[in-house]
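Asker: Please see the structure below; I have some questions.
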Amino acid sequence: MTTPDTQDRPAEPEETTPKHPSTGLSAALVAGGILLSRISGLVRERVFAHYFGDSAAADAYKAAYRIPNILQTLFGEGVLSASFIPVYARLLAEGNEKEARKLAGAILSLLTLTVSALVLAGVLLSPYLMAAIAPGFTGPKRELTIHLVRVFFPAIGLLVLSAWCLGVLNSHRKFFISYAAPVAMNIVMIGFLVGFGRHRTLDDLAVTVAWGAVWGSVLQLAVQMPAALRLLRGLPIIFNYGMENVRTVVRNFVPVFVSRGVIQLTAYVDQIIASFLPDGSVTALAYALLLSQLPVSLFGMSVSAAELPAMSSVTGDETEIADRLRARLNYGLKQIAFFVVPSAMGFLALGDVVSGGVYQSGKFTGSDATYVWGILAGSSVGLLASTLGRLYSSTYYALRDTRTPLNYAIIRVLLTTVLGFLCAIPLPGMLGIDLKWGAAGLTASAGIAGWVEFIMLRRTLNKRIGTTGLASSYVLKLWLASICAAGAGWAIKLAAGPRNPLVVAVLVILPYALIYFGATSALGISEASALVGRLARIAGFPKKRNSGDR
């Protein structure tokens, strides 16, 4: 099986595998921070699932988090990084630290004023936001959701300020702390769940855990702010918004803001549709989304986050910039695909093992794990497109082009909306299956739309900087190795029988990973050989040369 970006492609050029040791280390630091954050997040969700299962209170909690979460997404990490980091990193690369400090201070004050106003409006207007949250909710479920929205808004406002810290830290190549900071918030929320889970009703517990999110967001900001202030030599509060660099950030911010907004619209459309599905659908969709976003964050975000400041710092004439960006992009695409292809196959073939190992406890049953598997299998359709697309978008942002990704994001949302409705509502009835499986149709249709967006991003960028993408032979080897590993994992699952879900997950997933890495190494994949080499050196074996995959 190959991906759409490999059709009619010439042999992969030599420049697609350059060595970028500093960027590789940066990506590893980002991945390490994200890994800790995601592991703590999975632990948090496992504890949440233990107490809430697929209950109506869980639906209300997950739905309530969506609306204020738009602030974090629209004003937070992705948008701020795409608009702020290219300008700020370029000033640092030119040695203009004074202007860089002024820019950071002006953006901080502007962000604080804007988000404060939106948080206040969100708290006051919560009852009127229900049509955008979950119009299918009625009665006590609706009232609980409104109450939770009011609690969540201040927490998300603090997380937006954390994103400013991340932009400063990333530009100075300080990656780990900003991506590991969410661990602090997750620990606080886990503490609230465990401390109050046995003594409160589910509705009261939902409100209590929401307040835990507020205190956790305070701690997350506190973890990052001191490091950012040390780099800036104090807190630069500047209200001069007429500076050219500030205007550039704002001009870049608007298209990215709208782009993220339309992408978020996809999530809201999915939630609105899911609110008309049977109880538990909204929560199961959220559980599956957390799992499917793990490889996107670990591999797509880590490489993209590390490459954005590096790409933004590239200087030279138009040809030199294109050559360097093309080399960095192709190198990053191979790194991402090497890890994401087996992730997609794992969700498709072994999603019940994954969801059971992470969530199955207390009120979250084996049938719930199977339901989440179906939704995960749908998300595997577009997993590779989503992660590769992140890196393509970062390349556009490094070129100060924020409008092209916006145009394609709008097309993606329109496709997702139409296909999502068709696959979630009428299709289950046409196939004679339970309506709840419409949630799987939502994720599968979003994946198809993601591939359309990815292909458009790649084609347009290729016209600007030259041919980019993955060689067909490379992608074919990755899928072949993944299929072999999945077959072995399936056999182990059958042999394991009815054991503890966490034990089964360990027994299946570890061999799955080892077989994949072994198979790709045997097939001459350079990323696998490099990984095996690093592990061998850690174990004390001498370094060996390998020709790599060309």
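Each reported figure results from applying straightforward, stated rules to the coordinates on display, with no laboratory input. From a predicted model like this one, the values you see are computed outputs, not experimental measurements. Note: ideal-geometry Cβ built from the backbone for every residue, glycine included; neighbour counts use all protein chains shown.
Asker: What Kirkwood Rh does the chain have if only Cα atoms enter the pairwise 1/r average? Answer in Å.
Answerer: For the chain, the Kirkwood estimate is 24.1 Å.
Asker: Contour minus end-to-end for I187 and N462, with contour as 0.36 nm per residue of separation and end-to-end as the Cα-Cα distance?
Answerer: 94.6 nm is the gain from fully extending I187 to N462.
Asker: Also, quick follow-up: Would you work out the relative contact order for the chain, in percent, from Cα pairs under 8 angstrom that are 6 or more residues apart? Don't skip to the answer; put the middle values down first.
Answerer: Working: 845 pairs, mean separation 119.3, N = 550.
Computed over the chain, the figure is 22 percent.
Asker: Then there's this: Calculate, for V250 and I425, the FRET efficiency according to 1/(1 + (r/R0)^6) with r their C-beta to C-beta distance and R0 51 Å; round to the nearest 0.05.
Answerer: Computed FRET efficiency for V250 and I425 comes out at 0.80.
Asker: Based on the mean of other Cβ atoms within 10 Å per residue, sort peptides 462-468, 434-440 so the most packed one is first.
Answerer: For the peptides 462-468, 434-440, the packing ranking is 434-440, 462-468.
Asker: Sticking with this one: Filter K102/K174; K62/K174; K141/K436; K141/K363; K174/K334; K98/K174 down to the pairs with a C-alpha to C-alpha distance above 29 Å, please.
Answerer: Long pairs (Cα-Cα over 29 Å): K62/K174.
Asker: Okay, moving on. Tell me, how many Å apart are the Cα centres for region 188-209 and for region 95-114?
Answerer: Measuring centre to centre over Cα atoms gives 39 Å.
Asker: Would you mind calculating the relative contact order of region 155-301 from Cα pairs under 8 angstrom and at least 6 residues apart, reporting the percent as a whole number?
Answerer: In percent, rounded to a whole number, it is 25.
Asker: At a 10 angstrom cut-off on C-beta neighbours, averaged per residue, how do the peptides 301-313, 135-147 rank from highest to lowest?
Answerer: Going by the mean number of other Cβ atoms within 10 Å, highest first, we get 301-313, 135-147.
Asker: So, one more: In the chain, which helices (entire DSSP H runs) extend 27 Å or more along their own long axis, judged by Cα positions, while averaging at least 0.0 on the Kyte-Doolittle scale? Show your work: numbers first, answer last.
Answerer: Working: long enough: 21-52 (45 Å, 0.78); 56-75 (30 Å, 0.32); 97-124 (41 Å, 1.19); 139-171 (48 Å, 1.01); 202-232 (44 Å, 1.16); 244-274 (45 Å, 0.65); 318-359 (51 Å, 0.51); 403-424 (31 Å, 1.25); 438-465 (41 Å, 0.49); 472-496 (36 Å, 1.18); 501-522 (31 Å, 1.97).
Correct list, ordered by number: 21-52, 56-75, 97-124, 139-171, 202-232, 244-274, 318-359, 403-424, 438-465, 472-496, 501-522.
Asker: Still on this structure: Residues with beta-carbon under 12 Å from that of L291, excluding L291: net charge, scoring Lys, Arg +1 and Asp, Glu -1?
Answerer: Local net charge: 0.
Asker: I've got another one for you. Over the Cα atoms of region 391-489, what Rg and Dmax result, in angstrom?
Answerer: Reported Rg and Dmax, both Å: 17.6, 50.
Asker: Going highest first, how would you order 28-39, 238-249, 188-199 by mean Cβ packing within 10 Å? Numbers along the way, then the final one.
Answerer: Working: 28-39: 19.4, 238-249: 14.3, 188-199: 16.5.
In descending order of packing, they fall as 28-39, 188-199, 238-249.
Asker: Work out the FRET efficiency for R198 and T112 from their Cβ-Cβ distance, taking R0 = 60 Å, and round it to the nearest 0.05.
Answerer: The formula returns an efficiency of 0.95 here.
Asker: Follow-up. So what's the net charge close to S355: Lys and Arg +1, Asp and Glu -1, counting the other residues with Cβ under 14 Å from its Cβ? Write out the running numbers ahead of the final one.
Answerer: Working: positive: R46, K493; negative: E45, D54, D352, D368.
Result for the local shell: -2.
Asker: Any idea what the dipole of the chain comes to, in debye rounded to 20, about its Cα centre with Lys/Arg Cβ at +1 and Asp/Glu Cβ at -1?
Answerer: In debye, rounded to 20, the chain gives about 980.
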